[in-house]
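Just so you know, all these numbers are worked out from the coordinates, no wet-lab data involved. Everything quoted here is computed from the prediction, not taken from an experiment. Cβ sites come from the backbone with ideal geometry, for glycine too, and all protein chains shown count toward neighbours.
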Amino acid sequence: MRALALGVATALLAVGLALGGGALAQTSAPVQPTITPAPSCEKPGDPPGGSGTELGKEAAERRRNAWSKSMQGYMSCLKRFVEEQQAAAAPHVRAANAAVDEFNRAIKIYNEQIDAAKPQ
């Protein structure tokens, strides 16, 4: 009877190893995605300084308004870049998470087979 249990345990171990080894043999090199290294947004310079004269104050106000508008455009460009990168990454994140879940399920099955094959 013990020989039969040991034979069954050995067979289960062999099946577990075959299943685990087959899964490893089927992996391929990951596809390298195209990566945009940095946003191509044009950054405005430093904020303009003020002036003491009345005419200078008006010119300074125009420069501040122009700078503010440029800065808002820059921030919008950065926000678009981040959103595009996150949207491009989302399917990869989902695929990686699904692979991790599958790996964890496979490990659980494998460990259950190993435990079942151990002599009692």
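Residue-wise test of (1) of a type outside the set (Phe, Trp, Tyr); (2) surrounded by 12 or more Cβ atoms within 10 Å (Cβ to Cβ); (3) more than 16 Å from the chain's Cα centre (by Cα).
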residue	(1), (2), (3)
ARG63	yes, yes, yes
LYS69	yes, no, yes
GLY73	yes, yes, yes
VAL82	yes, no, no
ALA99	yes, no, no
ILE107	yes, no, yes
Residue pairs, Cβ under 6 Å, 6 or more apart or interchain, first in region 79-94 and assigned to a helix (DSSP H, G or I), second of a type outside the set (A, V, I, L, M, F, W, C). List them. PHE81/PRO39
